[in-house]
Amino acid sequence: MSTQTLPKQDTRPEGTDSTDDDTPKMFHYVRKNKIAESAVMGTHVVALCGEVFPVTKSAKPGSPVCPACKKIYDGLKRGD
(Lines give C-alpha, C1' and ligand atoms only; values in the text may rest on other atoms or scores of the structure.)
Protein backbone atom coordinates (compact mmCIF):
# COMPACT_ATOMS: atom_id res chain seq x y z
CA MET A 1 0.00 0.00 0.00
CA SER A 2 1.48 3.39 -0.98
CA THR A 3 0.97 6.79 0.57
CA GLN A 4 0.31 9.90 -1.47
CA THR A 5 0.92 13.48 -0.28
CA LEU A 6 -1.78 15.93 -1.32
CA PRO A 7 -0.75 19.42 -2.49
CA LYS A 8 -1.18 22.24 0.01
CA GLN A 9 -4.53 23.99 -0.42
CA ASP A 10 -4.71 27.79 -0.68
CA THR A 11 -7.39 28.67 1.85
CA ARG A 12 -7.53 32.42 1.20
CA PRO A 13 -10.76 33.50 -0.46
CA GLU A 14 -10.33 34.60 -4.05
CA GLY A 15 -10.33 38.31 -4.63
CA THR A 16 -8.64 39.46 -1.45
CA ASP A 17 -5.84 40.92 -3.60
CA SER A 18 -3.16 40.12 -1.01
CA THR A 19 0.58 40.23 -1.40
CA ASP A 20 2.95 37.54 -0.09
CA ASP A 21 3.33 39.35 3.25
CA ASP A 22 -0.50 39.41 3.75
CA THR A 23 -0.68 43.15 3.09
CA PRO A 24 -3.65 43.92 0.83
CA LYS A 25 -2.72 45.43 -2.54
CA MET A 26 -5.91 47.50 -2.45
CA PHE A 27 -8.86 48.12 -0.20
CA HIS A 28 -12.54 47.78 -1.07
CA TYR A 29 -15.62 49.76 -0.04
CA VAL A 30 -17.95 47.77 2.24
CA ARG A 31 -20.90 48.68 4.47
CA LYS A 32 -19.55 50.34 7.60
CA ASN A 33 -21.74 48.31 9.97
CA LYS A 34 -20.32 45.03 8.59
CA ILE A 35 -16.63 45.87 9.12
CA ALA A 36 -16.50 45.37 12.91
CA GLU A 37 -18.68 42.25 12.72
CA SER A 38 -16.34 40.71 10.17
CA ALA A 39 -13.20 41.65 12.10
CA VAL A 40 -14.54 40.15 15.34
CA MET A 41 -16.60 37.19 14.11
CA GLY A 42 -14.62 36.36 10.97
CA THR A 43 -17.69 36.61 8.75
CA HIS A 44 -17.28 37.59 5.12
CA VAL A 45 -18.28 40.99 3.74
CA VAL A 46 -19.35 41.90 0.22
CA ALA A 47 -17.63 44.91 -1.33
CA LEU A 48 -19.40 47.27 -3.73
CA CYS A 49 -17.55 45.58 -6.60
CA GLY A 50 -18.82 42.14 -5.55
CA GLU A 51 -15.63 40.80 -3.95
CA VAL A 52 -16.34 38.61 -0.90
CA PHE A 53 -13.73 38.34 1.86
CA PRO A 54 -13.20 38.56 5.65
CA VAL A 55 -11.94 41.90 7.01
CA THR A 56 -8.37 41.44 8.24
CA LYS A 57 -6.81 44.90 7.81
CA SER A 58 -7.99 48.48 8.07
CA ALA A 59 -7.19 51.03 5.41
CA LYS A 60 -5.00 53.98 6.25
CA PRO A 61 -5.24 57.38 4.55
CA GLY A 62 -3.67 57.16 1.11
CA SER A 63 -4.14 53.38 0.82
CA PRO A 64 -4.91 52.16 -2.72
CA VAL A 65 -8.63 51.67 -3.39
CA CYS A 66 -10.25 49.15 -5.73
CA PRO A 67 -11.05 51.10 -8.92
CA ALA A 68 -14.38 49.28 -9.40
CA CYS A 69 -15.49 50.06 -5.83
CA LYS A 70 -14.48 53.72 -6.21
CA LYS A 71 -16.41 54.07 -9.48
CA ILE A 72 -19.55 52.58 -7.92
CA TYR A 73 -19.17 54.66 -4.73
CA ASP A 74 -18.70 57.89 -6.70
CA GLY A 75 -21.87 57.10 -8.68
CA LEU A 76 -24.04 56.68 -5.58
CA LYS A 77 -26.28 59.53 -4.46
CA ARG A 78 -25.57 60.75 -0.96
CA GLY A 79 -27.83 58.92 1.48
CA ASP A 80 -27.75 55.59 -0.43
Quiz item: Looking at THR11, THR43, THR23, which one is of a type in the set (S, T, N, Q), over 25 Å from LEU76 (Cα atoms) and at pLDDT 90 or above?
Solution: THR43
Exercise. Give the residue that is most open to solvent (accessible area, probe 1.4 Å), with candidates limited to residues of the stretch 43-63 that are touching a residue at least 24 places away in the same chain (Cβ under 8 Å) and in contact with a Cys (Cβ under 8 Å, 6 or more places away or on another chain).
Key: LEU48
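The values are calculated or read from the model by the stated rules, or taken from the named source; none is laboratory data. Keep in mind that this is a model prediction, so the values were computed, not measured. Quick reminder, even Gly has a Cβ in these numbers, built from the backbone with ideal geometry, and neighbours come from all protein chains shown. We work out accessible area using only protein heavy atoms, side chains counted, and drop any ligands, DNA or RNA first. Shrake-Rupley method; radii C 1.70, N 1.55, O 1.52, S 1.80 Å.
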